[in-house]
Every structure is written in structure tokens, then in C-alpha cells.
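Novice: Following this message is one structure expressed as C-alpha cells.
All of the numbers you see were taken from the coordinates with simple rules; none came from a lab. Predicted model only: the values in this text are computed from it and were never measured. Cβ: placed from backbone, ideal geometry, glycine included. Neighbour counts: every protein chain shown.
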Amino acid sequence: MKEKNNDKSSSELTEVDSGCYVLRAKNDDDASLDFSHTVAQDFLQFHFCLKGQMNFKYNQGSYTFPLNEDHSMLLYNPAKELPIDVELSPNTWLVSVLISITKFHALFSSDADHIPFLSSENTAKKYYDNLPFTSSIAVVLSQVLQSKIHDSIKALYIKGKVYELLSLYFNKSEDPSVEQCPFLVDEENVRKIRKAKEIVLERMTDPPSLENLAVEIGLSLKKLKEGFKELYGDTIYAYLLDHKMEEARRMLNSKKYNVNEVGLKLGYSTASHFIAAFKKKYGTTPKKYLGSVSS
């Protein structure tokens with residue numbers, strides 16, 4: 001079932017199996033995207049933020065759970081419904097798995113000792129977890145979101161990936177060998193690509209060239225460019241530009257900086273370069289935007 005779909009944002013809820021659904025949402029727009037969906041109280045909710053940042057709102061927005069990039073959240077409350085009401089920030093990607101506790105028991109009954117809320121003393125307790133996820137999970141999330149699979153086998157493909165995702169989520173192996181983890185090569189590459197993202201964001205005022213970045217993380221230039229685009233949906237410099245423009249908007253919103261100060265802090269050599277980049281991204285100049293914030 002498609003909930004929303006336009007050029008820059010989309011969300012789709014798909015039934016994977018009886019008692020199991022996957023939600024895929026991408027917000028590539030400049031504005032936040034709100035999404036809501038009713039979830040029965042006997043369902044576990046797994047939420048994964050592959051890119052960006054989002055806020056889950058509860059009790060009519062009286063409190064929120066933030067979920068940041070490369071983090072997952074697990075929610076379960078057998079005594080109360082927890083409907084999804086989430087605000088996706090610009091340039092944010094979400095994958096959620098909703099699965100009934102009955103279905104989950106059937107899948108993992110032989111491994112119940114490894115899963116805290118499946119133990120008999122915890123079945124009536126609510127459960128909440130917010131943790132960074134592994135690189136192997138990031139690979140599967142990217143495949144779930146960006147798979148180019150023929151419609152005739154898409155449902156089967158997504159079903160397999162969702163169950164693989166749950167298996168990896170509860171995998172406690174800290175030192176996988178090649179035999180234990182067939183995705184080790186992909187996982188190692190994802191670690192390197194994540195490192196590349198951290199480097200360009202940390203050094204956003206003077207980012208390294210792609211060639212130097214590839215050498216620093218130990219990947220070929222081709223694998224770096226292709227892998228980054230697959231994982232984060234954009235080229236490295238386009239991703240960095242989006243980040244810088246979001247940072248510019250945050251700084252202007254704070255009203256602590258003028259236009260020239262923002263441009264300098266973001267590494268622009270001249271105010272005109274910053275103004276041109278901001279206008280291309282948001283359709284208005286920083287000065288006009290600052291005026292609208294101040295008014």
C-alpha cells in the first residue's frame with residue numbers, strides 16, 4: 001500500500017507475511033515529512049534510520065523519541081497501543097519492521113533465551129531499545145530501500161530481506177569469520193564508507209579530494225563512489241552540500257550569526273559562493289531567509 005509518493009518523498013507499507021509488515025519511507029525533500037500509521041499493541045516495532053534524523057511522537061506529541069542516522073529503535077508495550085507518528089527530517093530514510101509477538105515467537109522460539117522480551121518473566125513488560133546498528137544491517141537496509149527487483153519476485157525478495165534483517169539484529173557474534181558471515185566483504189566496505197562520511201562531515205570546511213579520501217579509508221575510488229551512492233543515495237559532495245545547507249539553516253534559525261559569518265563557518269571563501277549555494281538549495285537568499293526567521 002503506497003501512502004505517499006512524489007518526486008522527492010515516498011512511503012510504502014507492505015505486508016511481508018501474515019502478522020509481519022515492512023514500512024519503507026524516503027524523504028529527499030527540503031521539508032520535513034510526517035507519517036502516521038496505527039499499530040496493534042501486540043506488535044513489536046523495529047525502526048531503522050539509514051540516513052538523516054527523525055522524531056517519533058507519542059501522547060499527542062507530549063514526548064518524542066529521536067532516532068539518528070545508523071541507529072535502530074525497538075518498541076514493545078503489550079499494555080498500550082503505540083501508533084507510529086513520525087517526523088522525518090529532510091534527506092532522511094527509514095525502514096520499519098512491524099511484527100506480531102505471535103509471529104515473532106514462531107520465528108525465534110528456539111532462540112528465545114537470547115532475546116530478553118521473549119523470556120516468560122518479561123512477556124508482560126514493555127521494552128525499549130535505541131542502539132547503533134551494524135554495517136551488515138546497513139547493507140540489508142539499503143537493499144530493502146533501493147532494490148531494483150522485477151515485480152514478479154519483489155514480494156519474495158523483500159520477505160527474505162526482512163527476515164535477514166531480524167536475524168542480523170539479534171546476532172550476538174562480535175567477531176564473525178568469513179564462514180559465519182557471508183556478507184563480511186560488504187560489511188567491511190560499509191564500515192569504510194561510513195568512515196568516509198564521517199571524514200567529510202568532520203572536515204566539511206576543507207574536505208579532502210575523492211582520491212585522497214579513497215586512499216585514507218582504503219577503498220578504490222570506484223568502490224568509494226559507487227558504495228557511497230548505494231548506501232546514502234547521493235554522491236559524496238552532494239551529500240556534503242546537503243549537510244552544509246542544513247547546518248546553514250540551523251545557524252540562521254538560531255539568530256546568532258549573520259549571513260557572512262555562516263558562510264565563513266561553513267568554509268565558503270566568499271559570501272557570494274555561499275549565497276549562490278543556499279539559493280540553489282532553498283530557492284531564496286540567506287538574507288531573505290534570515291528576515292523570515294526574524295519576522
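Novice: Any residue at all in region 49-59 that's assigned to a loop (DSSP other than H, G, I, E, B), without any contact (Cβ under 8 Å) to a residue 60 or more places away in the chain and buried (at least 21 other Cβ atoms within 10 Å of the Cβ)?
Specialist: Yes, there is a match, as at least one residue in region 49-59 is assigned to a loop (DSSP other than H, G, I, E, B), without any contact (Cβ under 8 Å) to a residue 60 or more places away in the chain and buried (at least 21 other Cβ atoms within 10 Å of the Cβ).
Novice: Those residues that are crowded, with 16+ Cβ neighbours inside 10 Å and basic (K, R), I need them from region 266-286; list them, please.
Specialist: K281
Novice: Restricting to region 148-172, name every residue that is assigned to a loop (DSSP other than H, G, I, E, B) and out of contact with any Phe, Trp or Tyr (no Cβ under 6 Å at 6 or more places or on another chain).
Specialist: K148, H150, F170, N171, K172
Novice: What are the residues in region 224-263 that are surrounded by fewer than 16 Cβ atoms within 10 Å (Cβ to Cβ) and among the hydrophobic types (A, V, I, L, M, F, W, C), if any?
Specialist: If the condition is that a residue be surrounded by fewer than 16 Cβ atoms within 10 Å (Cβ to Cβ) and among the hydrophobic types (A, V, I, L, M, F, W, C), then A238 is the only one that fits.
Novice: Give just the number: which of (1) free of Cβ contacts under 8 Å to residues at least 24 places away in the same chain; (2) under 23 Å from R203 (Cβ atoms) does L252 not satisfy?
Specialist: The one condition L252 does not meet is (1).
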